[in-house]
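Please treat every number below as a calculation from the coordinates, not as lab data. Small disclaimer: the values here were computed from a predicted structure and weren't measured. Neighbour counts run over all protein chains shown; Cβ positions are idealised from the backbone, glycine included.
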Amino acid sequence: MAVEEPLKTTYQNVHQGYHAETLARFLKAREWNVIKAHKMLVDCLHWRVQNEIDNILTKPIIPTDLYRAVRNSQLIGMSGYSREGLPVFAHGVGLSTFDKASVHYYVQSHIQINEYRDRIVLPTASRKYGRPITTCVKVLDMTGLKLSALNQIKLMTIISTIDDMNYPEKTNTYYIVNAPYIFSACWKVVKPLLQERTRKKVQVLSGNGRDELLKIMDAASLPHFCKREGSGSSRHSEYANENCFSLDHPFHQQLYNYIKQQSLASEPTQPIKQGSVHVDLPEPAAEGIEIAKTIESEMQKFENGNGLSGSLDGHKINDNSDYRTTHCL
């Protein structure tokens, strides 16, 4: 009983009162194989207990300048909600550099956003809309994607593996926007490696995707890089509070303040500790390794065979196909 109690506690943080939806996510991730889904869920719960994931929202990344550096190099944010009530998360894949802090800080930050989404954002949306909302949509901006992205493939594969193993089926749809030709080339070779279920989740939109995205969300919920005419940097916006990647954006302000408050509540007499949280970094699954190697090989062709070193932003694609392993790019 003593061994099972921590698993029960952490499972509560996973399901948030939505047992059926949670079990369905793990079953779907294992192609509805009950034995494999059960093992996946148990392994996830053990990972959470061993790495104290339930307490990760009490561990802010400080000082603030360090966290701002993380935010400026790991471009993630939440811009609003779809008309169905699903949170809209934006990822600046092409311009994320992951070069301002250690791997552990980036992993810590990513897991904190996952946990805040699952424990605060999604339950709040469920109450607001009067029905279970347990998934989100993601808009991935490929602006600025260059061959230098090869340097981040290892870290992105680690983050992707953490999501695949411990936060399965949390994304309803991936929308790829501002996709340069180099992405199109990688997509063509990666797509056949993916399961049909995962291929169907992604839509590669023309240009910044604004017209298509407005069919599922209001203009106010569009990520900033989808609002402007033409392509350009997704790192900056005319107004800081419109840039959902920025620490100054309301989402990140609320998240950061929440973590600091939770830290003070858990240890009110202790100073907030500096230093990153070290989470066990998983070994990527065979599929993830193969995909990463395929992307690396394809991108090397541009460098070695074609002599291309830029982001090829001039070549846009309009491919209404599907995609999954978004973090690897």
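Mind checking which lysines have their Cα closer than 18 Å to the Cα of residue 227? Skip sequence neighbours fewer than 8 apart in that chain.
Qualifying lysines at Cα under 18 Å: 138, 215, 316.
Which order do the peptides 32-41, 71-80, 129-138 take when ranked by the mean count of other beta-carbon atoms within 10 Å per residue, highest first? If you can, show how the numbers build up before the last one.
On the way: 32-41: 14.4, 71-80: 21.5, 129-138: 17.4.
By packing density, highest mean first, the sequence is 71-80, 129-138, 32-41.
With angles folded into 0 to 90 degrees, how steeply does helix 64-73 sit against the dominant principal axis of the chain? Use alpha carbons for both and round to 10.
40 degrees
To the nearest 0.05, how large is the calculated FRET efficiency for residue 196 and residue 254 if R₀ is 51 Å and r is the Cβ-Cβ distance?
E(calc), rounded to 0.05, equals 0.85.
Nearest 10 degrees is fine. How inclined is helix 286-304 to the longest principal axis of the chain, computing both from alpha carbons?
Taking Cα atoms only, the helix is inclined about 30 degrees.
What angle do you read, to the nearest 10 degrees and between 0 and 90, between the alpha-carbon axis of helix 19-29 and the longest principal axis of the chain?
The angle comes out near 40 degrees.
Which of the residue pairs 36/200; 59/293; 36/201; 170/191 have a Cα-Cα distance greater than 30 Å in the structure shown? Please list the in-between numbers first.
Numbers: 36/200 22 Å; 59/293 34 Å; 36/201 22 Å; 170/191 20 Å.
Those over the limit are 59/293.
Taking residue 154 as the anchor, which aspartates and glutamates have their alpha carbon closer than 18 Å to its alpha carbon, excluding any fewer than eight residues away along the same chain?
Once the sequence-local aspartates and glutamates are set aside, what remains near residue 154 is 99, 163, 164, 280, 283, 287, 290, 296, 298.
Which label marks the calculated value of Kirkwood radius over Cα pairs in Å, given the options (i) 20.4; (ii) 22.6; (iii) 20.9?
So the structure-derived entry is (i).
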